[in-house]
Amino acid sequence: MRKVLFWIAAIVITLATVIYQQKTGPTYPEKVTYSIDNQTKLLTLTRSGETNIDIEVTIDSLPLEWEATLFYRKYPTNSDWAAEPFMMNANGGVTTYLPSQPAAGKLEYYIEMENLVTQEAFSIKKDEPVVIRFKGAVPAFALIPHVLLMFIAMLLSNLTGIMAAFMHKRFKFYMLLTIIALFVGGLVFGPIVQHYAFGQAWTGWPLGSDLTDNKTLIAFVAWLVALLVNRKEDRPLVVIFAALVTMAIYLIPHSLRGSELNHETGEIVTGIVTTFIR
């Protein structure tokens, strides 16, 4: 019964972490609300796209007397904003497109709306434009194992930490499974995914400062140290520390400070903090 409770606690913690990442990550769609003609509307704005595919931006419904325009420019730059008007679509809404960019290329964009009768106007996200990053298509054989194993690694990490805290005799076995899942998911399939997405297999230390790669490396090293320390005698505190380090790392939004295309040089810069980063 105690082991079942350990599993339930680990699953709850893991799912809560996943939900948190989905709400805070810089590549997940951003949902904004706005008011038009005294009605509150919800708009979903994309923050991740694939190269060679223009990104559709759609407003589900727009009163006939209103028109909408999409403004965008390369990010991070101070270039002039390009304007694309929204056009009626077959579903009764209006649609326009963001042009595709090379791998790791980014655009920032916002929307303006104007009433053609009253000249009333307002903008959506003009003060803090939405940033979208483009990446190459990642085949399922690489992406699915990566995502699945990283989820399993987090689950096993939480389970092992809880077992160590309660001195369960099997915590060493699950510690080994955690290391295997983290190694294969993060250090084998992770670089494969990165290669397809941005053309670079490893962008963490010592080759770069990509936060996603570096936090995977830190988690793996923490668990490797825990494994070595626990070889001859039980040291659960080290295991608990490794689990807490892993949890803290997973709470950092995915893809934060990731690969970014330098539009001037055409080179991909990894993990560089700029004054414009969001």
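Tabulated results
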item	result
Residue identified as among the aliphatic types (A, V, I, L, M) and loosely packed, with under 15 Cβ neighbours inside 10 Å among 137, 142, 68	137
Test: residue 111 is touching a strand residue (DSSP E or B) at 6+ places or on another chain (Cβ under 9 Å), surrounded by 15 or more Cβ atoms within 10 Å (Cβ to Cβ) and under 21 Å from residue 25 (Cβ atoms)	no
Single condition residue 116 does not satisfy, out of (1) surrounded by 21 or more Cβ atoms within 10 Å (Cβ to Cβ); (2) of a type in the set (A, V, I, L, M, F, W, C); (3) more than 25 Å from residue 78 (Cβ to Cβ)	(1)
In the stretch 170-211, residue surrounded by the most Cβ atoms within 10 Å (Cβ to Cβ) [restricted to those that are among the hydrophobic types (A, V, I, L, M, F, W, C) and modelled with pLDDT under 90]	198
Residue that is nearest to residue 45 (Cα to Cα) [pool: residues in the stretch 14-29 that are among the β-branched types (Val, Ile, Thr) and in contact (Cβ under 8 Å) with a residue 60 or more places away in the chain]	27
Residue that is surrounded by the most Cβ atoms within 10 Å (Cβ to Cβ) [pool: residues in the stretch 223-241 that are assigned to a loop (DSSP other than H, G, I, E, B) and either among the basic types (Lys, Arg) or without any contact (Cβ under 8 Å) to a residue 40 or more places away in the chain (or both)]	235
Candidate set: the stretch 126-136, residues that are in contact with an Asp or Glu (Cβ under 8 Å, 6 or more places away or on another chain) and farther than 14 Å from residue 106 by Cβ; chosen: the one modelled with the lowest pLDDT	136
Contacts under 8 angstrom Cβ, first residue in the stretch 69-98 being in contact (Cβ under 8 Å) with a residue 60 or more places away in the chain, partner among the basic types (Lys, Arg) and in a strand (DSSP E or B), 6 or more apart	74/106; 75/106; 76/106
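The values are calculated or read from the model by the stated rules, or taken from the named source; none is laboratory data. From a predicted model like this one, the values you see are computed outputs, not experimental measurements. For neighbour counting, all protein chains shown are included, and Cβ atoms are generated from backbone atoms with ideal geometry for every residue, glycine included.
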